[in-house]
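These notes are about the structure you will find just below.
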Amino acid sequence: MALLADAAGLPNPRIELGKRSWWGTQISDITVNVENLEDSESQRLGILGCCSRAAGVLRNCCVCCTVAVLLPAICLVIGSELDTSTYRLAVMAVGLLLLAISCCLCCCSLRHTCCEGIFNLPEPAPLVPPLSKTPGARLEIKKLLLVYNPNAGKRQAKRILEEMVLPGLQRRGVECTTIATESVGHARHLGMTLPLANFQAVVTLGGDGTFHELVNGMFSREDGKQIPVSLIPLGTGNGLSATLRQNMQRQGEEVSVWSEMDAILDWSLDRISAGHVARVDLLEVEVMNRRLLAVMMVFLGLFAEVDVVAEPMRWLGPARFDIASILMILKQQPQTLRCRLTLADGTVREDSLSTIGACMGLCQHFSDKLRSVPQAQLDDGLAEFSVLSSGATVDKTFAGFLKLPNGAHTEDKDVWDSKQVTSAEIIFEGPGIFNVDGEVLEHDGLLRIRVLPAALQLLVWWAWLTQCSLGIEDCQGILLQAMWIGFAPIEADVMKDYGVSSTYVNFLSLVFMIVARAAD
């Protein structure tokens, strides 16, 4: 059925789109080749380069540099060379005064960035377990299919697989069959075609993109065969594994996979071999009358375009993404999104949003060091629709980005607003790009996204520590306190007054402390 349009010439989200098929291997038709994107294609998709429409930013930077650096430096140099002491002191005083005024103006204009984002970070957002429900059946994992990306892990994936992963699985009694991906999209093809009957689970070794491709391939299978999946993180983002691992709880801060690789690998292998299966949600994304799945996040605006904008600066390495983000924030170029959101209570809200960037996701993390949506849970049937407001000042926006690692940015509603939704229909001003789990795709001006509750069987790490949010240090502290009770004078008083044994007193003390710590 043809897609009808409204008066503005854009697709009308209230018109039924007809039968929707999966984007299988045809996903390449809408995949944006970031590395070889031509200027004409960028213009068609409305993607602006890092210097496009940056005249205002460059002008302000030139003025600031002239007043704050160049003029004071000239005054100080000229003043030091004057013969007359009176003139020398006057000119140098002018230079110092300009420098002081510039410093004061700079501190005032970046007061939120300095006071909230650098020197006085607020408390981290409250810890929320990644799962709201107890996993169901426990599988005995004996045979595993492992799909790995040889280019992942700084091209060390094959070595890590052979030296650490395979021996580790063998020690845990798991027989493993491995297949290497050969190109972008190959994991999707493998998920669609590989025979799965002889395996209890299929696992990826690589980045979030490899896992995304595999899951989409499995859901596109003609035989409808589904088995539990999991991943061993070895990419640049690793957002899903960060949400499952909860490093903020374990270590008090978000930690990159590469700074604790041995611990991550052991944790991943334990999680896989334990066989705890949880049913987690997925996002169904409908674009151009076909659909695909998001395991973690769908990014719009700045969050989707940063990869493209940063590509010409590849020579800067990973720093190019930070520089591209800063340039895009400085330019403050909003786009209008017409949204129809179905909220958690079932009510429908229609709104026109002016935003720099937005996202809709299931995970708590953008990446392993950015806790972007700290209240999200993988199995609660809800997604977090978050908007980065275009009305916030550059100063507040910078401060919000600096608070991303510990999740404290969500407290400032002027910058970052988040709502729990079950679906979203988004109309853009025209064709453009969006990002699904790190995969950059194009759209025709309309996206429909909805939550598929309990759609994916995921192998998770599950222990009582996860549910009650108690870490190893908490348990050690509780144990020491319980032992201390046995030597405290209060134990003798309780035994005498109530006629109970010391064992009973210690047991009750331990129970009360566990309950109190879990409640905190």
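Each reported figure results from applying straightforward, stated rules to the coordinates on display, with no laboratory input. This one's a predicted model, so the numbers in the text were calculated from it and none came from an experiment. When we count neighbours, we look across all protein chains shown, and the Cβ atoms used for this are built from the backbone with ideal geometry, even at glycine.
Using a cut-off of 9 Å between beta-carbons, work out the net charge of the residues near Ser386 (Lys and Arg +1, Asp and Glu -1, Ser386 not included). That sum, taken over residues with Cβ under 9 Å, equals -1. Less than 5 angstrom separates the built amide H of Leu37 from none of the residues sequence-distant by 5 or more or on a different chain. For the stretch 414-447, GluC sites (Glu not before Pro) are listed when DSSP marks them as loop and at most 13 other Cβ atoms sit within 10 Å of their Cβ; the list is Glu429. Within the stretch 63-80, which residues have the backbone N less than 14 Å from the label spot 7 Å out from Ala90 along Cα→beta-carbon, could you tell me? Residues 79 fall inside that zone. Residue order for Cys359, Cys339, fewest other beta carbons within 10 angstrom first, comes to Cys339, Cys359.
Of the peptides 133-141, 182-190, 229-237, 250-258, the ranking by mean beta-carbon count within 10 Å, highest at the top, reads 229-237, 182-190, 250-258, 133-141. Evaluating 6.51 cos²θ - 1.76 cosθ + 1.60 at θ = phi - 60° for every residue in the stretch 271-281, the Karplus couplings come out as 4, 6, 5, 5, x, 6, 10, 10, 8, 10, 7 Hz, glycine and proline recorded as x.
Assuming R0 = 45 Å, what is the FRET efficiency of Arg250 and Ile78, from their Cβ-Cβ distance, to the nearest 0.05? The value I calculate is 0.20. Rounded to the nearest Hz, the phi-derived 3J(HN,Hα) couplings of the stretch 295-303 under the Karplus curve 6.51 cos²θ - 1.76 cosθ + 1.60 (θ = phi - 60°) are 7, 10, 9, 10, 10, 10, x, 3, 5, where x marks glycine and proline. Cα-Cα over 26 Å: which of Lys143/Lys225; Lys154/Lys225; Lys133/Lys413? Where the Cα-Cα span goes over 26 Å, the pairs concerned are Lys154/Lys225; Lys133/Lys413. Between the amide H of Ala201 and those of Leu145, distances stay under 5 Å, these residues lying 5 or more places away or on another chain, with hydrogens modeled in the peptide plane.
In plain terms, the residue of Ile272, Ile427, Ile101 with the fewest other Cβ atoms within 10 Å comes first and the most crowded comes last, giving Ile101, Ile427, Ile272.
Applying 1/(1 + (r/R0)^6) with R0 = 51 Å to the Cβ-Cβ distance of Leu196 and Cys61 gives a FRET efficiency near 0.35. Each peptide in 386-399, 31-44 receives the mean, over its residues, of other Cβ atoms within 10 Å, and ordering these scores from highest gives 386-399, 31-44. Applying the Karplus relation 6.51 cos²θ - 1.76 cosθ + 1.60 with θ = phi - 60° to the stretch 338-345 yields 3J(HN,Hα) values of 8, 10, 10, 9, 9, 6, 4, 8 Hz, where x marks Gly and Pro. Of the residues Met218, Leu234, Gln251, the one whose Cα sits farthest toward the positive end of the charge dipole of the stretch 194-251, with +1 on the Cβ of Lys and Arg and -1 on the Cβ of Asp and Glu, is Gln251. The chymotrypsin sites (Phe, Trp or Tyr not before Pro) found in the stretch 86-181 that occupy coil by DSSP, while having at most 11 further C-beta atoms within 10 Å, are Phe119.
Compute the distance from the alpha-carbon center of the stretch 366-384 to that of the stretch 179-198, in whole Å. Distance between centres, Cα-based: 28 Å. In this structure, the amide hydrogen of Gln246, modeled 1.01 Å from its nitrogen in the peptide plane, lies closer than 5 angstrom to no residue at least 5 positions away or on a different chain.
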